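The structure under discussion appears below in the form of structure tokens.
The values are calculated or read from the model by the stated rules, or taken from the named source; none is laboratory data. Everything numeric here is computed off the predicted structure, so don't read it as measured data. Neighbour counts run over all protein chains shown; Cβ positions are idealised from the backbone, glycine included. Keep in mind that these areas ignore ligands, DNA and RNA; they rest on the heavy atoms of the full protein, side chains included. Shrake-Rupley method; radii C 1.70, N 1.55, O 1.52, S 1.80 Å.
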Amino acid sequence: MASLKNQIHSTAFANRSQKLKQENGSFMLELLDRRWALPTPDTKIHRVALSELDQKLGEGRSGLSFSIDARPNMGHELIVNGRGGPSFYVVRDDLLHPLVNGNKARKLDGLLPLLEDHSVTDVVTCGGCQSAHAAAVAVSCAESGIRSHLLLRGEQPDIPTGYNLISSMFGNTIYVPRPLYAKREEMLRQNADLVAGISGSVLWLNDILKMPSSMYESKNANYMPLDACGNVHQAENFKKKVVIVNEGAGGATALLGLIRLVKYLSQAHLLGKVQPIDIVIDSGTGTTAVGLALGAICFGLPWEVTAVMLADTLEGYKRQEKRLISDFMEHYNLQFAHDMLNEANGIVHWVERTHPRKFGNVLKGEVEECQKIARETGVLVDPIYTLAAWERAILLCQRKAEDDAKVVMIHTGGTLGMFGLAQRYKSYFHGLEGRSPTFK
């Protein structure tokens with residue numbers, strides 16, 4: 001029998017779907033009819049099954065073994081997959097790009113074509129020394145012929161590695177002392193002015209969003225191609241057009257790529273539109289979680305998004321959720337869902353991490369747990385972000401009955417972050433060293 005929570009969820013879904021059908025159901029399809037950075041929204045979906053171990057593995061270890069099905073039955077067969085014991089699904093967005101985190105690629109999916117359409121030549125953004133956001137912007141801009149200028153907090157490391165190395169290879173990095181970095185808006189504007197020079201122009205990303213759509217064409221770029229050095233072809237006197245992107249790219253445009261992902265996953269041969277789904281994701285800024293939840297609501301899906309809070313308080317994430325929804329409704333005229341979103345007491349279920357800690361810290365045993373997961377499933381998670389979502393997915397699927405909602409973890413990436421962690425937490429990684437062979 002379905003749980004009380006599932007019954008309530010199903011009733012709410014039915015009411016929500018009926019309300020959406022009375023409004024302009026084609027609005028979202030029109031909104032998504034645009035150019036994208038990713039050629040397709042496609043992503044792999046794997047299924048992870050759990051089983052108990054006989055022995056206790058120690059602090060920070062789950063005491064579970066895992067097996068993976070890289071080609072699980074989906075669509076109408078989805079409900080059958082839950083009858084062989086606890087399991088959950090993993091959306092492998094970590095495989096979207098070799099250097100760009102999955103959630104960053106989704107955030108930039110709708111943003112990069114917008115920059116191209118406005119003939120942007122340079123992007124200025126900021127982040128920590130090992131910022132996945134900065135690395136994603138550097139790589140993606142370079143692939144689009146746009147120069148990136150990355151303001152990184154703190155001191156330059158002696159040996160660049162992980163995201164820091166990628167940022168340095170693909171973008172122009174500047175290390176900013178922490179007191180100056182604390183004044184982010186002023187810091188970003190001053191550096192953007194320097195990049196633009198006397199004849200160039202500087203815009204914030206929101207300035208572009210406020211421009212009338214008639215000023216550019218979203219499906220056919222008016223972008224001026226750049227050469228490998230970032231110079232505009234046949235335009236020696238072309239003025240620089242600089243756009244400032246806030247840290248994390250957590251704005252209304254970033255939500256578009258997540259809504260596109262929801263539309264893809266809700267196809268009948270994948271997760272479908274009828275089966276209740278619990279989406280699980282780790283949250284830094286919270287943008288990805290809000291985008292997924294917004295997409296589920298706008299398409300009338302019986303999905304709930306559970307976000308593991310990593311870098312802020314519950315109040316902080318709720319404020320971020322309200323801000324993102326408000327900005328999205330303002331920029332994209334989301335009137336058909338206005339009342340529903342205002343009536344809802346939040347669209348994301350924010351939860352604490354299973355083992356809370358100060359953001360950025362790694363606990364004893366977690367590196368070994370990541371190693372165990374990688375060896376048994378071929379899925380690499382990191383102890384800062386994706387292990388938190390993995391642990392929450394385990395907890396949810398162990399609690400659910402066969403006819404409850406299916407648990408689906410969005411793997412946001414984070415592989416390169418392991419290199420930086422190995423430098424910072426050397427003692428935790430020493431245990432991964434192999435044994436020396438004994439020869440006779």
Keeping every protein chain in place, order R424, R375 by accessible area at 1.4 Å, biggest value first, i.e. largest first.
R375, R424
Among the listed pairs K107/K406; K44/K273; K364/K426; K44/K322; K322/K400, which are separated by more than 20 Å between their Cα atoms?
K107/K406; K44/K322; K322/K400
Using a 1.4 Å probe, how large is the accessible area of K263, given in Å² and rounded to the nearest 10?
90 Å²
Work out the length of the dipole vector of segment 123-196 about its Cα centre, built from +1 on the beta-carbon of each Lys and Arg and -1 on the beta-carbon of each Asp and Glu, and round it to the nearest 20 debye.
140 debye
Once both labels are modelled 7 Å past Cα along the beta-carbon direction, what's the R71-R323 spacing in nm?
4.6 nm
Please work out the FRET efficiency for the pair Q156 and A422, using the Cβ-Cβ distance as r and a Förster radius of 22 Å; give the result to the nearest 0.05.
0.75
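Sort R153, R357 by accessible area with a 1.4 Å probe, largest first.
Descending order: R153, R357.
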Selection from F429, T415, W390 lying farthest towards where the dipole of segment 390-429 points positive, charges on Cβ
F429
Where Y385, Y175, Y181 fall by accessible area, highest first, once all protein chains stay in place (1.4 Å):
Y385, Y175, Y181
When the expected Rg is taken as 2.2 N^0.38 Å, what fraction or multiple of it is the alpha-carbon Rg of segment 64-206?
1.37
With a 1.4 Å probe and all protein chains kept in place, how much accessible area does D312 have, in Å² rounded to the nearest 10?
80 Å²
